[in-house]
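Below is one structure, written out as structure tokens; the observations come after it.
The values are calculated or read from the model by the stated rules, or taken from the named source; none is laboratory data. Being a predicted model, the structure only gives us computed values, none of them experimental. Every residue, glycine as well, gets a Cβ built from its backbone with ideal geometry; the counts of neighbours run over all protein chains shown.
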Amino acid sequence: MYRMDIHISVKTLLSKGYSRRKIAEQLGIHRKVIKRIERELLPGQESSGYQRAKKLDGYDGQIREWLDAELTAELIHKKLVKEQGLDVSYVTVSRVVRALKCDTESFVPMLSAAGEEAQVDFGYLGVFTRADGSKVKVWVFCMVLSHSRQGCFEVATDQSLETFIRCHIRAFEYFGGAPRMVRLDNLKAGVTVPDFFEPLIQEQYAAFLAHYGSAAVPCRVRTPQHKGKVESGVKYVKNNFLRGLGHRDFERLAPDLRTWMETVANCRVHGTTRRIPVEVWQNVERSALLHLPALRYEFYHVEERKVTRFGHITFGNNYYSVPHTLVGEILRVHSNGSLLRICQGQTEMALHSIASGKGQYVTQQAHLPPHKQPHSPEYYALRLEDEIGPQARELMLLMQQNDSSHWKEKVRGLLSLLRLHPRERVQQACQRALEHGIYSYRSVRDICIMLEHTPDQPSCCFEAPHAAAGGMAHDLSIYDRLVP
């Protein structure tokens, strides 16, 4: 005698039309055990749930051929009515089709509240021809709201992350809101590592969903039934839209798909819910979706760049500055065609407008080391007064008047004297330079050296041969020493 749970499970699966092989795989038992249990069933009890409808007697073979060709129950019903002249309802055809698919695994449907979940996937449609005669591979992006079964279908020529996200954006806008969860297969565009329990969601895809208040819920590996609604949607596109398309013109594909989506896919009585998707969406689900943000999500291409020793990263044959402290670091570069965001981890370190042309240096002054940053006269005046004294500030103003081109270098020279001399000595040197009308850095430096060796020498003893010319003249007698 077998365990009661095994006996009941086998009996139930047999009644659903499962084959012995499928039942053995599901329950982990040998097919001989299933055969014995099958014999123990009550006399006359059928092991298959398929009960042939009388109106379709003799059409089993034809229906099986259509199923092998992957036609949907809807198309089979149309063929039976139009081509065979049968007066049979869609419900009857659908019941027979389900029964004939006895080897198809069945799963408990996952019910979702309105606005709770959408399912997404890509489906390959084949090769189409452009207007210029070139060939292009085409996929269909499919997003289905799990409650209403309202679908959004879009033509795509690749499965890149950018295409994936942009299709999401247009789908959300088509639905008039975003679901709280997006269930997706382990697509490379959305899932980095298809781990069974903790899938690693693409960083940018997760950020995109967060922008809309949503989150990703990947299907477990090798369990596509968790995404049954969108899988059915993709299959429906292939078996209904694609088979009835009648051409391979890429230019006509997108508008034809849009028309089919709005007049057929979302307006039919859904085979599972027995309701019309667009009506459920309009009356129930649209108001339950999350409101769209004021601004669209801005997609950025993400790359990595190393900061050069000049404090710049290269992008598009141009150079963009980052803070000088990041030299040698590996940073992430986010670009959207007009803006360039440079980040360290999640922290934005620089933001630039993307330059046109090649070989350009785009530099923000704040990124330069302090000694290379240009500053205003007020900055230097305040710094001189704070670090040296009011004499240095007055000297700077006179330097600026006498040499408007190089006064900043002289001021930096004055500040550098503080590394060699105490503040009081530099302050005293600036005072003596003012008294003698000397407005050069070198003269102040020389006075500091003199004061270091003869600190008590009075100011009147200091010779200032350059005073008459404001520090710009030289004693020409020194050149006589060069004459033989």
| Residue satisfying condition, being β-branched (V, I, T), surrounded by fewer than 17 Cβ atoms within 10 Å (Cβ to Cβ) and free of Cβ contacts under 8 Å to residues at least 40 places away in the same chain, within set V327, V362, V333, V411 | V327
| query | When the stretch 340-360 is examined, which residues are found to be under 16 Å from H301 (Cα atoms), in a loop (DSSP other than H, G, I, E, B) and at pLDDT 90 or above? | reply | I354
| message | Looking only at the stretch 69-100, filter to residues that are among the hydroxyl-bearing types (S, T, Y) and assigned to a loop (DSSP other than H, G, I, E, B); which one of those is nearest to L242 (Cα to Cα)? | response | T72
| said: So G337 passes all but one of these: (1) modelled with pLDDT of 90 or more; (2) within 20 Å of A355 (Cβ to Cβ); (3) in a loop (DSSP other than H, G, I, E, B). Which condition number does it fail? | reply: (1)
| field | Residues of the stretch 212-254 satisfying the condition of being farther than 15 Å from G151 by Cβ, modelled with pLDDT under 80 and outside any loop (DSSP other than H, G, I, E, B) | value | V217, P218, P224, Q225, H226
| field | Qualifying positions in the stretch 257-285 - crowded, with 17+ Cβ neighbours inside 10 Å and part of a helix (DSSP H, G or I) | value | L257, W260, M261, A265, P277, V278, V280, W281, E285
| request: Identify all residues within the stretch 55-103 that are polar (S, T, N, Q) and either modelled with pLDDT under 80 or surrounded by 17 or more Cβ atoms within 10 Å (Cβ to Cβ) (or both); write none if there are none. | output: T72
| query | Taking V144 and the conditions (1) in a loop (DSSP other than H, G, I, E, B); (2) touching a Lys or Arg at 6+ places or on another chain (Cβ under 7 Å), which numbered condition does it fall short on, given that it satisfies the others? | reply | (1)
| query | What are the residues in the stretch 157-186 that are part of a strand (DSSP E or B) and crowded, with 22+ Cβ neighbours inside 10 Å, if any? | reply | A178, V182, R183, L184
